[in-house]
Ligand code: SF4
């Protein structure tokens, strides 16, 4: 790219945006801490700028707060960048090993049936390492809610291929893009989970734009309500941006999610038995 | 309290429920299977939950979750299944969560696995090795108490014989000690500003200005492990050692056979004694060393290729030679119930060794 072309692109980007001066804070500026939800104890989560995981976690805790379930929530965290939140959330956290969160959550829920029990895992954690765990929990109809933060890479280790990486996606060890012949096909985990008899609610959301964030929040609330009613296993997959692992510019990541990731992992409610339960 | 003739597996299950175990998860594998069957039978009427986990990984995961809520929880398997549980066992140690793990070994080949573990990091697990059904019944509540006291997984290491031997034992409806577990999760601290965290990475939160200071956490976990290792009184059964020329060390089922043979040999005038470690970790090193004082040799009889020999040599510290005289005991079943578990054979090996020492 010539210097001239580069300038032109930068210019285009800036054209339809309000550009603030950065040498002084605007009059109405607030600290990050002031607009984090009450259940995030400390604003500093140390995740990369543009990461979708903090938005997803925030959506989940806001939903818990809205349901009035803060004082009976036990969350089980897997291992990934999002694990940083186990350390600054103001809901109880049980830290699991890679892949094992659904079985830990099972033990928790069986001993504390009145608790709202959710797991938070990434795609490497859940679909690579712990695929059988989430499927068995779904098949058992375990009354827990499993939340998958799916960004298609092992973000924490630096952007390597996972079981959900879509065809053609570049990762650190598929530099020329995932190739079906060489690397196999991505697993559409929500569809797989939805095929389990014990799964009552399965949905795939995303946090790439305001509309999807609002929709994902509704999905999380529906999933928690499903657990509270005892309908069965509930599952929300959330497509999140990982600009670092995707090797795309931070501001391009939401579009990359929409164009590349969501093309394969399509956003929407996959299974909802609420109507059936009522009839 | 009732005295009944029961198989070892059933007796252990009764003792677990009596000790207050309210969650059990397991995956069938011989000779552990019968314990799972009995727990599935006994636990629900006692108000507990027994899960038929889909794998050993899930079994220990479920038990981990249950234990995190403060319930007395247990799982188990045999050697191969226990190998799969090792990563969780090491994490439970660093997260300081109590759990009882029943290892019904095939033969005695799980010694290293039980006493050294196959997980990562600086951790240890206390190991109790009963030799009879009655002793197993006595040790089950000890296992739960130790787990709670030290906030650490504890192994009860038995075998095929222990599980399948019928013995008349007291099946007491033991009243479990009520243990205060302020660290356990129940969800209620959410929103308080002090919501609990139970993690192998540390329980301190960022608000404490600490966050994940893994080095600091592992240091503290390490101190807890060392305190546990020295704080648990090793248990041992020994006899005829005062004037013994040869001391035979054996554990578990084999320890029972060795004790019988040594008693017979004593009656015939041979100067032999026996030591049976009941805690394999912490190993009763002082008791073994004391038993070996004045002896000309120590022999180790176990049904493997000599795994406990390392611990015995460390205990004896070169005061006299320590030799392995046992061996694998496999029949075609592969469950370690074969020809080496045989009093005449043990007797012959001990006599051979006495002769070789002379
Ligand atoms: S590496 Fe990816 S997933 Fe991890 S914090 Fe950065 S953007 Fe988020």
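The values are calculated or read from the model by the stated rules, or taken from the named source; none is laboratory data. Source: prediction; values computed, not measured. All Cβ positions, even for glycine, are placed from backbone atoms using ideal geometry, and neighbour counts span all protein chains on display.
List of remarks:
- Residues within region A:109-124 that are in contact with a strand residue (DSSP E or B) (Cβ under 6 Å, 6 or more places away or on another chain), within 7 Å of chain B (Cβ to nearest Cβ) and either within 16 Å of the ligand (Cβ to nearest atom) or assigned to a loop (DSSP other than H, G, I, E, B) (or both), tallied: 1
Every residue, every condition in (1) assigned to a strand (DSSP E or B); (2) buried (at least 24 other Cβ atoms within 10 Å of the Cβ), yes or no:
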position: B:238; (1), (2): yes, no
position: B:248; (1), (2): yes, yes
position: B:255; (1), (2): no, yes
position: B:262; (1), (2): no, yes
position: B:290; (1), (2): no, no
position: B:302; (1), (2): no, yes
position: B:305; (1), (2): no, no
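- With respect to the stated conditions, residue B:92 fails to be within 14 Å of chain A (Cβ to nearest Cβ), in a helix (DSSP H, G or I), touching a residue at least 24 places away in the same chain (Cβ under 8 Å) and surrounded by fewer than 22 Cβ atoms within 10 Å (Cβ to Cβ).
- Total residues in region B:47-79, condition in a helix (DSSP H, G or I), buried (at least 24 other Cβ atoms within 10 Å of the Cβ), at the interface with chain A (Cβ under 9 Å from one of its Cβ atoms) and free of Cβ contacts under 8 Å to residues at least 40 places away in the same chain: 6
- Annotation for region A:160-168: no member residue is more than 16 Å from the ligand (Cβ to nearest atom), at the interface with chain B (Cβ under 9 Å from one of its Cβ atoms) and either in contact (Cβ under 8 Å) with a residue 24 or more places away in the chain or closer than 27 Å to residue A:45 by Cα (or both).
- Residues of region A:135-157 that are out of contact with any helix residue (DSSP H, G or I) (no Cβ under 7 Å at 6 or more places or on another chain), part of a loop (DSSP other than H, G, I, E, B) and more than 10 Å from the ligand (Cβ to nearest atom): A:141 alone.
- Among the numbered conditions (1) touching a strand residue (DSSP E or B) at 6+ places or on another chain (Cβ under 9 Å); (2) within 16 Å of the ligand (Cβ to nearest atom), the only one that residue A:106 does not meet is (2).
- Residue match in region A:171-192 (condition: more than 20 Å from residue A:246 (Cα to Cα), at pLDDT 95 or above, more than 13 Å from every other protein chain (Cβ to nearest Cβ) and within 16 Å of the ligand (Cβ to nearest atom)): no
- Residue within region A:225-242 that is within 14 Å of chain B (Cβ to nearest Cβ), out of contact with any helix residue (DSSP H, G or I) (no Cβ under 7 Å at 6 or more places or on another chain) and more than 16 Å from the ligand (Cβ to nearest atom) present: yes
- Residues that are at pLDDT below 95 and within 9 Å of chain B (Cβ to nearest Cβ) were ranked within region A:71-90; the one that is farthest from the ligand (Cβ to nearest atom) is A:90.
- Within region A:125-134, tally of residues that are surrounded by fewer than 24 Cβ atoms within 10 Å (Cβ to Cβ) and either within 11 Å of chain B (Cβ to nearest Cβ) or away from the ligand (no atom under 16 Å from the Cβ) (or both): 3
- Selection count where residues are surrounded by fewer than 21 Cβ atoms within 10 Å (Cβ to Cβ), in contact with a strand residue (DSSP E or B) (Cβ under 6 Å, 6 or more places away or on another chain) and outside any loop (DSSP other than H, G, I, E, B), scope region A:158-182: 2
- Of all residues in region B:6-43, those that are more than 10 Å from chain A (Cβ to nearest Cβ) and either within 22 Å of residue B:179 (Cα to Cα) or crowded, with 24+ Cβ neighbours inside 10 Å (or both) total 20.
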